[in-house]
Amino acid sequence: MVKYRLTHAAQSDIISVLAWSHEQFGEEARLRYEALIAAAIRDAATRNGEVGRTLRPELGDGVFSWHLAQSRAHSRGGDVHRPRHFLICRWDGGVLVVGRVLHDAMELRRHLDPQQPWE
C-alpha cells in the first residue's frame, strides 16, 4: 500500500488544476488528468532509488520533484499527451509528502518557501 499525504497547498493545487482542465477540455480530459496525478503520486512513492526524481536542494533537504509525464504509462485513465505539471515531494519517515503540484512555467521558489514547514 502506498503511503502518502497531501498538504493543504497540494490539495488546493489539484483542485485548481482539475477545475481548469474541466473548463478548458471537458470532463473526460479532467478524468484522464486526475488519473495521471494519482499515478504520479503512486510512482513517486513506490519507485526505488532516485530514478525519475529530480532533487531540489534549493527547496529544502530531501525535496524532489516528479513530473507527471514520467507516469503516463502507469495511468489507468487514458492517455494525456502533454502533461504540464509536476509534484514537489519529500519523505517524512515512510510517508511521501506531496507539498505542491505546480505547472512547468511556475517559478519554484515563488510557490514553496524552504523556510516554511509543510503542514
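The values are calculated or read from the model by the stated rules, or taken from the named source; none is laboratory data. Being a predicted model, the structure only gives us computed values, none of them experimental. Note that each Cβ is placed from the backbone with ideal geometry, even for glycine, and that neighbours are counted across all protein chains shown.
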Query raised in the report: Hey, does segment 60-69 have a residue that's within 17 Å of Leu18 (Cβ to Cβ), among the hydrophobic types (A, V, I, L, M, F, W, C), within 13 Å of the chain's Cα centre (by Cα) and at pLDDT 95 or above?
Result: yes
Query raised in the report: Within segment 6-45, restricting attention to residues that are surrounded by fewer than 19 Cβ atoms within 10 Å (Cβ to Cβ) and touching a Gly at 6+ places or on another chain (Cβ under 6 Å), which residue is farthest from Gln116 (Cα to Cα)?
Result: Leu31
Requested in this report: Please tell me if Arg56 is touching a strand residue (DSSP E or B) at 6+ places or on another chain (Cβ under 9 Å), of a type in the set (D, E, K, R) and under 15 Å from Tyr4 (Cα atoms).
Outcome: no
Report task. Go through Asp79, Asp104 for me and flag whichever is closer than 16 Å to Glu34 by Cβ, among the charged types (D, E, K, R) and exposed (fewer than 13 other Cβ atoms within 10 Å of the Cβ). Result -> Asp79
Query - Candidates Ser75, Ser71 - the one that is touching an Asp or Glu at 6+ places or on another chain (Cβ under 6 Å) and of a type in the set (Gly, Ala, Ser) - result: Ser71
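Table: residues versus (1) in contact with a helix residue (DSSP H, G or I) (Cβ under 8 Å, 6 or more places away or on another chain); (2) closer than 17 Å to Leu108 by Cα.
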| residue | (1), (2) |
| --- | --- |
| Lys3 | yes, no |
| Gln24 | no, no |
| Glu28 | no, no |
| Leu31 | no, no |
| Ala35 | no, no |
| Thr46 | no, no |
| Thr54 | no, yes |
| Glu58 | yes, yes |
| Arg72 | yes, no |
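Just to check your reading of the model, which residue among Val2, Val63 is in contact with a strand residue (DSSP E or B) (Cβ under 7 Å, 6 or more places away or on another chain), β-branched (Val, Ile, Thr) and under 23 Å from Glu119 (Cα atoms)?
Val63
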